[in-house]
Amino acid sequence: MWKLVALLVALVISVPPGRRSDVDGLIRASGADVAVAYRTLDGGDELLIQPDVAFHAASTMKVPVMIELFRQAAAGALALDDEVAVVNEFHSIVDGSPYSLDVGDDSDTEVYKRVGRRMSYRALCEAMITVSSNLAANLLIEHLGPENIQKTTDTLGAGGMHVVRGVEDGKAFQKGLNNTTTARALMTLMEKIAKGEAVDRASSDRMIAILKRQTFNDRIPQGLPPGTPVAHKTGEITKIQHDAAIVYTDRPFVLVVLVRGLQDAKQGSALIAAITRRIIRP
């Protein structure tokens, strides 16, 4: 009897076999290592490909940083409009030695113009998510504490996401101490935000609004019908292209696609868009 129940559950929460095989075909043809985690918010449709394989998180780790910011704000530990000093000096988790970020390696230059001045947590979060500012991310991680970010991430059931440091800690990178994630962990975090469970409904709604203002839209959004509302966060480093999204169709869903191994970022972006296109096709 239990086998029949398990079979019925699997049928209810799985995508049609043809859709799965088409996505597998796209991945094979690309030559990339790819993880996919897709689930409708009603829980009735799901597709998982390598959901628990660890990838370098790149800028997708900024999602749990944002969640922790709103958690601390809701707890009264800080106010979003509190201002902090903007500096460009951080300390390696390996030995505490100082390092700084190179503006030429960042996707945003505006926060660097504020060095020596002050910015609010709210403004730093906006820059970290919408234009993926690494300097803003490092400032927030320093003030929030990576151990707090990780504790909250674990509590939300996304233990496959590991936030151990800020961006461009070269000594940590050399020792393999990197922020990593799985597709399932990112899907869990995005589901929590979508359902108002990451902190509370009001905080989640504010996070969704920020994610909807994302300026890099050549991945999951590119595979959707024009005008489809999407709240998402991309990530990219050498041979890594990711996107994690809440997609507001008639039947809202979360989709995470992690790509590793493609030198040309445009190929990775096109692959993510193609996978998205195939998943939403009836």
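Rule-based calculations on the coordinates, nothing more; no lab input. Nothing here was measured: the structure is a model prediction, and the numbers come from that model. Here the Cβ positions follow ideal geometry from the backbone for every residue, glycine too, while neighbour counts run over all protein chains shown.
Just a yes or no: is a residue in region 187-201 of a type in the set (A, V, I, L, M, F, W, C), surrounded by fewer than 19 Cβ atoms within 10 Å (Cβ to Cβ) and touching a strand residue (DSSP E or B) at 6+ places or on another chain (Cβ under 8 Å)?
Checking region 187-201: not a single residue is of a type in the set (A, V, I, L, M, F, W, C), surrounded by fewer than 19 Cβ atoms within 10 Å (Cβ to Cβ) and touching a strand residue (DSSP E or B) at 6+ places or on another chain (Cβ under 8 Å).
Select from region 202-237 the residues that are hydroxyl-bearing (Ser, Thr, Tyr) and under 17 Å from Ala35 (Cα atoms) and list them in ascending order.
Matches in region 202-237: Thr234 only.
Take Gly116 and tell me if it is on the phi > 0 side of the Ramachandran plot and without any contact (Cβ under 8 Å) to a residue 12 or more places away in the chain.
no
Find the strands (runs of 3 or more DSSP E) located wholly in region 43-141 whose residues include 2 or more that are surrounded by fewer than 23 Cβ atoms within 10 Å (Cβ to Cβ) and within 23 Å of the chain's Cα centre (by Cα), and list them.
Counting at least 2 such residues, we get 46-49.
For region 27-39, what are the residues that are of a type outside the set (D, E, K, R) and surrounded by fewer than 17 Cβ atoms within 10 Å (Cβ to Cβ)?
Within region 27-39, Ala29, Gly31 qualify.
Among the candidates Phe253, Phe173, single out the residue that is within 27 Å of Leu139 (Cα to Cα) and of a type in the set (Phe, Trp, Tyr).
Criteria check complete, one pass: Phe173.
From Asp218, Asp200, Asp205, grab the single residue that is among the acidic types (Asp, Glu) and free of Cβ contacts under 8 Å to residues at least 40 places away in the same chain.
Asp205
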